[in-house]
Structure formats: structure tokens, C-alpha cells
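Here, each number is a calculation from the coordinates, and none is a lab measurement. Worth saying up front: this structure is predicted, and the values here are computed from it rather than measured. Here the Cβ is made from the backbone with ideal geometry for all residues, glycine too, and neighbour counts use every protein chain on show.
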Amino acid sequence: MEFVPSIEQLSQIISQVVAPAFLLGAVASFVSILAGRMSGVIERMRYINDLPPDGHSKSRLKQDLPRLRRRVLLLQRSLLFSIASGVAGALLIIVAFGAALLHREHLWGTALLFSLSMLLLCVALVMLAAEVWIGLNEFDPL
């Protein structure tokens with residue numbers, strides 16, 4: 001059995017992993033956005049936690065901490081699902097190349113991994129939508 005792939009096989013595999021490669025780029029950008037949003041919410045929580053407990057003009061902002069905690073929790077979950085999506089996408093590319101090098105069919109494996117990656121990304125997007133909803137509809141106390 002010959003394990004050296006031909007240039008045609010490599011060319012075919014590369015063309016087949018273009019979509020997963022773009023998916024990985026999108027996931028990386030999405031993770032960056034999520035991390036930035038989480039950083040902003042955490043900074044807001046730190047600012048509020050540093051306020052005096054009572055008697056300060058901004059002490060009423062402490063009422064906002066439970067809402068901010070919900071937002072951080074949603075962002076954390078969204079980050080985890082996004083990272084899992086990226087891992088599934090990277091595994092897809094590894095499986096595609098590995099199968100080509102071993103002259104094995106990879107249709108079912110790559111289809112399953114691509115579907116899993118997209119499903120995980122969809123869950124992450126839903127979590128982000130919930131966080132944005134809370135951020136836009138439950139305003140800070142005045």
C-alpha cells in the first residue's frame with residue numbers, strides 16, 4: 001500500500017477544507033469579540049464593586065451586579081461553545097488530510113465534524129444573542 005499522496009489528491013483535499021478553514025477564521029474572530037465583551041462587563045463589575053456600600057451617589061449601581069453576572073455567565077458559555085466549534089473544525093481538517101494520506105474515505109467523518117462545529121457555533125451565537133438582549137433591555141439603575 002502506497003502512503004505517498006499524489007498532487008491531485010492533495011489539491012482535492014485542500015479544496016475540500018477551504019470551508020472549514022474559513023469557519024476556523026470566523027470562530028477565531030468570534031472568540032475575540034466575545035472576549036472583548038466579557039472584558040467590558042467584568043471591568044464594569046469591578047468598578048461597581050469598588051464603590052462604597054452606601055451613601056455614595058453611585059452606590060445604587062450595585063443593584064446591577066446580578067444582571068452583569070448573568071451576562072458574564074452567558075459570555076463564558078458562548079466562549080466555551082465557540083472554542084469547541086473551533087476544535088471540531090480543526091479536527092475536521094486533520095481527519096480530511098489524515099484520511100487522504102491513508103487512502104481512506106472521510107466523507108462521513110468530515111460531514112459529522114462539520115455539522116458538529118456548526119451546531120456548536122449556533123449554540124454560541126444563541127448565547128451571545130441572550131447576552132446582548134440582557135445588555136440592551138435591562139438597563140443600569142438610574
Once exposed loop GluC sites (Glu not before Pro) are cut out (DSSP; at most 15 other Cβ, 10 Å), longest piece of the chain: 3-104
Residue exposure sequence - Trp133, Trp108 - by fewest surrounding Cβ within 10 Å: Trp108, Trp133
Longest DSSP-loop-exposure-free segment, trypsin sites (Lys or Arg not before Pro), the chain, at most 12 other Cβ within 10 Å: 1-57
Three-way shape label, the range 83-124, alpha-carbon gyration tensor, a/c 1.5: oblate
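Suppose a student asked you for the relative contact order of the chain, using Cα pairs under 8 Å spaced at least 6 residues apart; what percent would you report?
34
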GNM flexibility winner over the chain from Leu92, Leu120, Leu73 (Cα, springs under 10 Å): Leu73
